[in-house]
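Just so it is clear, none of the values below were taken in a lab; they were calculated from the coordinates. Quantities reported herein were computed from a predicted structural model and do not represent experimental measurements. Note: ideal-geometry Cβ built from the backbone for every residue, glycine included; neighbour counts use all protein chains shown.
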Amino acid sequence: MIFTRNLVLTLAAASVSLGGCVYNGGQKYVPTASDLAAADANEAPKAKNVILFIGDGMGISTITAARIYAGQKLGQTGEEYVLPFERFDNVALVKTYNTNAQVPDSAGTATAMHSGSKTRIGVLGIGPEAERGQCADALANPLPLLGEEVKERGLALGIVSTARITHATPASVYARSADRNWEADAAIPVDQRGLGCTDIAQQLINFDFDVALGGGLSAFYGEGADDAGRRAELSANLPAEWAARTGGTFVRSAQALALAPADKPLLGVFSYSHMAYMAERAEGKGEGEPTLTEMTEVALARLKTDPDGYYLMVESGRIDHGHHAGKAGYALEETLEFARAIDYAIRNTDPANTTILVTADHSHVFTISGYPRRGNDILGLVVPPEGDISNPDEPMLAQDDKPYTTLGYWNGPGAIDHDHEEGRPVPETGVNAQQQAAIPLRSETHAGEDVALYGHGPGAERVRGVIEQNVIYDIIRRAYGWE
């Protein structure tokens, strides 16, 4: 099954209309002429700048819980709170599946957004015809990359993430890879080496970006380095190689980031792997690392000086990781920091020439349930609505006579053992709690339902209805006036 970004207004007789788009025999998703007429008017304003915010794993249940959590931290009941991007006028639902997977991963979904084509799970920047892990297939089936086009058209390019900068979502801006795990050359299997494929870290170093900020030092160093993660025989120092080629500045701390020259390309890598969770910073972890908002601020300050405009992708990568660990509090703290970064961008850009899009690559099997009262602690036990039962101040009990929490997971490391001699344990609560789950897995999984897309600025009127994820690429290009 091949998905393409070409918009064809001639509709085949066998086509079936689906929610404003046309499905042609499993091949093409085509907006109708009436859908595009208003958006494509010649007088429609065009964006000089586009910012795509991706909350990795930020499904709609995560947004709802984060909204409540943010309000409660301000002393409100929480349900009435509004996150900054929820004020955008334009909202759509996005279908996230990969071409070979009903429930997707971040590589296939991020590729859809940055190439205009859906593809297989686990690959970056290559078409669905390519088998995962096969270098020859990857070389034979390249997809267009938005990052490449941005630079070819003379715009500035920025990439920001709290995950490794070589991780799937940030890598989708600049890299093609037969496997998302080929972040360093040591990760490429022996039988696939020497066939012409380049690891993701080396692709970043070879790429003409203006700002790249995130984690993942291990992929950039070889023999003799404290952070060695590349093949020992290469003795690599990729940041030094990049700085020599570009004259740019490489930084490893928030302090160095603040002092970096403003007129040179900037590469910042602040941690061995992913950057520290916001919830762990009070414990001293992540010392010296900038926050997502601080990285966004630095990126915008540099990119906005380009007279031709810019493209900036900002990922909150650790929302996803908090969910995988079954720790809702971690995921929600990451979502709140993500919202702060978005709020900074809203307040420091011109809506007349800057389009801001906010979305997720996929959801998680994360639930909000149990009939808690209005204002109930979102990270706590379920307490019933006042007047609903005779003892309204005590937590509600399940059939095992133990309380349960509002938040939980369908699967994951917090799975309960009903056969334990003491039965289900009383659930943990608070930011550091691991929520209970139904099915035991070492890592909680993604979910397959639609995610939200919020749009603001020129071209954001196209953010509407139910769309395929690869249409986000078209929305961005049309915002710039490239179609």
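Remark: spin-label model distance residue 428-residue 103 equals 2.2 nm, labels positioned 7 Å along the Cα→Cβ axis.
Sort 226, 450, 199 so the one with the fewest other Cβ atoms within 10 Å of its own Cβ comes first.
Working: 226 8, 450 19, 199 24.
Fewest-to-most Cβ neighbours within 10 Å comes out as 226, 450, 199.
At an R0 of 45 angstrom, the distance between the Cβ atoms of residue 234 and residue 421 translates into a FRET efficiency of 0.25. In terms of the mean number of neighbouring beta-carbon atoms within 10 Å, the peptides 462-474, 259-271, 55-67 order highest first as 55-67, 462-474, 259-271. Taking the charge dipole of the chain about its Cα centre, with +1 at Lys and Arg Cβ atoms and -1 at Asp and Glu Cβ atoms, the residue from 278, 61, 99 reaching farthest to the positive side is 99.
Using the membrane-span-like helix rule (whole DSSP H runs, Cα extent along the own axis of at least 30 Å, mean Kyte-Doolittle hydropathy at least 1.6), which helices of the chain qualify? Don't skip to the answer; put the middle values down first.
Values: long enough: none.
Membrane-span-like by this rule: not one helix.
For residue 87 and residue 386, calculate 0.36 nm times their separation in residues minus their Cα-Cα distance, and state this gained length in nm to one decimal. Don't jump to the answer; show the numbers that get you there.
On the way: separation 299, 0.36 × 299 = 107.64 nm, distance 3.10 nm.
Stretched out fully, the residue 87 to residue 386 stretch lengthens by 104.5 nm.
Counting only C-alpha contacts under 8 Å and six or more residues apart, can you give the relative contact order of the chain as a whole percent? Write down the numbers at each step before the final one.
Numbers: 1162 pairs, mean separation 113.0, N = 483.
Relative contact order for the chain comes out at 23 percent.
When 410, 242, 482, 182 are arranged by Cβ crowding within 10 Å, least crowded first, meaning fewest neighbours, the order is 482, 410, 242, 182. Could you sort out which of 95/151; 95/118; 46/95; 48/95; 48/304 sit more than 18 Å apart by Cα distance in this structure? Over 18 Å apart, Cα to Cα: 95/151; 46/95; 48/95. Working note: 222 nm ellipticity from helices only, DSSP H runs with n ≥ 4, each -39,500 (n - 2.57), summed and divided by the residues of the chain, gives -7000 deg cm²/dmol to the nearest 500. Between the range 316-356 and the range 273-295, the alpha-carbon centres lie 14 Å apart.
Fewest to most neighbouring Cβ within 10 Å: what's the order for 221, 409?
On the way: 221 24, 409 27.
Listing 221, 409 from fewest to most nearby Cβ atoms yields 221, 409.
Over all directions, the projected convex hull of the C-alpha atoms in the range 142-197 averages 4.5 nm² in area.
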